[in-house]
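Chemist: Here it is, the structure in full.
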Amino acid sequence: MATAKPPAKTGKTIPIQVYLLGMVSFFNDISSEMLYPIMPIFLTGVLHAPVFVIGIIDGVAEGISALFKAYFGFLSDKLQKRKPFVVVGYGTSAFAKIIFALAYNWPLVFVGRVLDRLGKGVRTGARDALLLDAADDNNKGLIFGIHRSMDSAGAVVGPLVALGLLQLSNDEVRPILYAAAIPGFIGLLFFLFVKEAKKRVQITKTSLRLSLKELPPNFRVFLLTFGLFSLGNSSDSFLILQSQQLGLSITAVVLAYVVYNLVYTLLSTPAGIIADKLGAKKVFLVGLLIYVGVYLCFAFNGNGTLVWVLFAVYGSYIALTDGVSKALVGNYIPKEKGAIAYGTLQAVTSLASLSASVIAGVLWSAIAPAAAFIFGATCALAAFILFVVSGLSKSQA
């Protein structure tokens, strides 16, 4: 009589690592998002920096981050270590919040922003590789979706905490800058319980190189597609400034941003589940089209009330693309090259975002705010077309 085979892995059990990493991201995002919606107002209203400086700060900081994302992803794969890179990366970002609090001119904000993005560059590839290590072929979308939901939940809590502090401090921004460092350090405590996978494919000097040629063709095409989209995906600071120009108060702008993150939080996990069932490619393409629509509406909308709807729809775009894009990458690459692949993706995205924020700032100042949003919508539509005509939308993934 033949021996019964063990039941096949269903992919429904989520490892504790996913939730621990989610908690780290949750508290880090509380820290970051306490600052994000008020930072453009702090720069222009308190430090009196011109609008184009916001584009330069965000763009250059992302560009500097990009220089490290691929390298530290490569180093993580080469050393077969994930946790040290993630701890150092999140710790660096936590310390950067203190620099923001000490800033009395925009160049010091720039220094803090660079340090914050440097931390992201160190941790991103290794963190996403840890998540990929925890996944199987049936639950990549779910695992990345859960992580993005926990991350964006922090982006809901953070602005609400900032609003509470604004009320207590009579709209003084600086106390919020100091308080923002606290949750960042709390998040680091969860790393005491994070463990790396014990078994991983051994990498030889000849099998892993810091080169795109070493990565699968489908991944390289996706890299080009996502880079084109990111070229028009400027900082959300411009959405915040446009909302304020349409008549929303500081409190209303922050709450609209909370709506965006709430939708992002609620839809990220369902989006991951749908991606596992129907295909990550289809979900990703829908997300791109939603982005095109939202940016065109921001370009031509003159109604402040409509901003609330636009931020809600904008939250659905990020839910359908952020975690889903990482699940897509997981289908294109072997796990032992996960950190370098995710690091490279983030590096290309950051370099494109550098240009996006600078271009948006120039278009905003030299032509009109609408020009910045039209440019972003055009890049997203071009990325959609490239994704379809390249064959990625039909390839096995």
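The values are calculated or read from the model by the stated rules, or taken from the named source; none is laboratory data. Since this is a predicted model, take the numbers as computed values, not measurements. Every residue, glycine as well, gets a Cβ built from its backbone with ideal geometry; the counts of neighbours run over all protein chains shown.
Chemist: Can you find a residue that is at pLDDT 80 or above, within 19 Å of the chain's Cα centre (by Cα) and among the polar types (S, T, N, Q) anywhere in region 311-322? Quick ask: steps written out before the conclusion?
Modeler: Start the filter on region 311-322 by keeping residues that are at pLDDT 80 or above, which leaves 311-322.
Restricting the remaining residues to those that are within 19 Å of the chain's Cα centre (by Cα) gives 311-322.
Still in the running and among the polar types (S, T, N, Q): 316, 321.
Looking for residues that are at pLDDT 80 or above, within 19 Å of the chain's Cα centre (by Cα) and among the polar types (S, T, N, Q), one finds at least one in region 311-322, hence yes.
Chemist: Quick test for you: out of TYR257, TYR314, pick the one residue that is closer than 19 Å to LEU35 by Cα, assigned to a helix (DSSP H, G or I) and touching a residue at least 40 places away in the same chain (Cβ under 8 Å).
Modeler: Criteria check complete, one pass: TYR257.
Chemist: On to the next question. Considering LEU266, LEU223, which residue is among the hydrophobic types (A, V, I, L, M, F, W, C), modelled with pLDDT under 85 and in a helix (DSSP H, G or I)? Give the derivation first.
Modeler: Working: LEU266 fails: modelled with pLDDT under 85.
On inspection, the qualifying residue turns out to be LEU223.
Chemist: Also, quick follow-up: Quick one: in region 230-259, which of the residues that are farther than 24 Å from VAL161 by Cβ and of a type in the set (A, V, I, L, M, F, W, C) is surrounded by the fewest Cβ atoms within 10 Å (Cβ to Cβ)?
Modeler: Restricting to residues being farther than 24 Å from VAL161 by Cβ and of a type in the set (A, V, I, L, M, F, W, C), the top hit is LEU246.
Chemist: On to the next question. Given the criterion in contact with a His (Cβ under 7 Å, 6 or more places away or on another chain), touching a residue at least 60 places away in the same chain (Cβ under 8 Å) and not acidic (Asp, Glu), identify the matching residue among LEU67, LEU131. Working first, answer last.
Modeler: On the way: LEU67 fails: in contact with a His (Cβ under 7 Å, 6 or more places away or on another chain).
Result: LEU131 is the single residue among LEU67, LEU131 that is in contact with a His (Cβ under 7 Å, 6 or more places away or on another chain), touching a residue at least 60 places away in the same chain (Cβ under 8 Å) and not acidic (Asp, Glu).
Chemist: Please go through (1) outside any helix (DSSP H, G or I); (2) over 29 Å from TYR257 (Cβ atoms) for LEU75 and return the number of the only condition it doesn't satisfy.
Modeler: (1)
Chemist: Right, another one. Quick one: how many residues across region 272-297 are over 19 Å from the mean Cα position of the chain (by Cα) and at pLDDT 90 or above? Spell out the reasoning first.
Modeler: Step one: list which residues in region 272-297 are over 19 Å from the mean Cα position of the chain (by Cα), which gives 273-274, 276-279, 282, 293, 296-297.
From the residues that got through so far, the ones that are at pLDDT 90 or above too are 293, 296-297.
Residues in region 272-297 being over 19 Å from the mean Cα position of the chain (by Cα) and at pLDDT 90 or above: 3 in total.
Chemist: Looking for whichever is free of Cβ contacts under 8 Å to residues at least 24 places away in the same chain and not polar (S, T, N, Q) here; the options are VAL309, VAL292, VAL324. Which one fits? So that I can check it myself, show each step before the final result.
Modeler: Details: VAL292 fails: free of Cβ contacts under 8 Å to residues at least 24 places away in the same chain; VAL324 fails: free of Cβ contacts under 8 Å to residues at least 24 places away in the same chain.
Going through VAL309, VAL292, VAL324 in turn, the sole match is VAL309.
Chemist: Considering only region 64-88, how many residues are more than 19 Å from the chain's Cα centre (by Cα) and small (Gly, Ala, Ser)?
Modeler: 1
Chemist: Continuing with the same structure: Step by step: first the residues of region 152-196, then only those that are more than 20 Å from the chain's Cα centre (by Cα) and small (Gly, Ala, Ser), then the one that is surrounded by the most Cβ atoms within 10 Å (Cβ to Cβ). Which residue is that?
Modeler: My answer is ALA162.
Chemist: Out of ILE38, ILE64, which single residue is among the aliphatic types (A, V, I, L, M) and at pLDDT 75 or above? Show your work before the answer.
Modeler: Values: ILE64 fails: at pLDDT 75 or above.
Of the residues listed, the single one that is among the aliphatic types (A, V, I, L, M) and at pLDDT 75 or above is ILE38.
Chemist: Moving to a separate point now. Could you grab me the full set of residues in region 293-321 that are buried (at least 20 other Cβ atoms within 10 Å of the Cβ) and either within 15 Å of THR225 (Cβ to Cβ) or not hydroxyl-bearing (Ser, Thr, Tyr) (or both)? Break it down stepwise before answering.
Modeler: To start, the set of residues in region 293-321 that are buried (at least 20 other Cβ atoms within 10 Å of the Cβ) comprises 294-295, 298, 307, 310-311, 314-321.
Passing the criteria: VAL294, PHE298, VAL307, LEU310, PHE311, GLY315, ILE318, ALA319, LEU320, THR321.
Chemist: Moving to a separate point now. If I filter region 111-128 for residues that are surrounded by 23 or more Cβ atoms within 10 Å (Cβ to Cβ) and acidic (Asp, Glu), do I get at least one hit?
Modeler: Checking region 111-128: at least one residue is surrounded by 23 or more Cβ atoms within 10 Å (Cβ to Cβ) and acidic (Asp, Glu).
Chemist: Go through (1) under 24 Å from ALA70 (Cα atoms); (2) touching a Phe, Trp or Tyr at 6+ places or on another chain (Cβ under 6 Å) and name the single condition VAL259 misses.
Modeler: (1)
Chemist: Checking the conditions here, which among VAL51, VAL87, VAL46 is in contact with a Leu (Cβ under 8 Å, 6 or more places away or on another chain), farther than 24 Å from THR269 by Cα and modelled with pLDDT under 85? Working first, answer last.
Modeler: Values: VAL87 fails: modelled with pLDDT under 85; VAL46 fails: in contact with a Leu (Cβ under 8 Å, 6 or more places away or on another chain).
After ruling out the rest, the residue left standing is VAL51.
Chemist: For the subset of region 51-95 comprising residues that are of a type in the set (Val, Ile, Thr) and surrounded by fewer than 24 Cβ atoms within 10 Å (Cβ to Cβ), which member is nearest to GLY184 (Cα to Cα)? Lay out the reasoning, then the answer.
Modeler: We begin by selecting, within region 51-95, every residue of a type in the set (Val, Ile, Thr); these are 51, 53-54, 56-57, 60, 64, 86-88, 92.
Retained after the next criterion (residues that are surrounded by fewer than 24 Cβ atoms within 10 Å (Cβ to Cβ)): 51, 53, 56, 60, 64, 87-88, 92.
Numbers: VAL51: 28, VAL53: 26, ILE56: 25, VAL60: 23, ILE64: 21, VAL87: 11, VAL88: 12, THR92: 10 Å.
Looking at the filtered set, the residue picked out is THR92.
Condition check ((1) surrounded by 24 or more Cβ atoms within 10 Å (Cβ to Cβ); (2) assigned to a helix (DSSP H, G or I); (3) of a type in the set (Val, Ile, Thr); (4) at pLDDT 75 or above) across all residues:
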site	(1), (2), (3), (4)
VAL329	yes, yes, yes, no
GLU336	no, yes, no, no
ALA339	yes, yes, no, no
LEU345	yes, yes, no, yes
SER350	yes, yes, no, no
ALA356	yes, yes, no, yes
ILE359	no, yes, yes, yes
VAL362	no, yes, yes, yes
PHE373	yes, yes, no, yes
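Chemist: Right, here's the next one. Would you mind stating whether ALA96 is free of Cβ contacts under 8 Å to residues at least 40 places away in the same chain and either farther than 30 Å from LEU255 by Cβ or touching a helix residue (DSSP H, G or I) at 6+ places or on another chain (Cβ under 8 Å) (or both)? Before you say what the answer is, go through the steps one by one.
Modeler: Values: free of Cβ contacts under 8 Å to residues at least 40 places away in the same chain: yes; either farther than 30 Å from LEU255 by Cβ or touching a helix residue (DSSP H, G or I) at 6+ places or on another chain (Cβ under 8 Å) (or both): yes.
Spelling it out, ALA96 is indeed free of Cβ contacts under 8 Å to residues at least 40 places away in the same chain and either farther than 30 Å from LEU255 by Cβ or touching a helix residue (DSSP H, G or I) at 6+ places or on another chain (Cβ under 8 Å) (or both).
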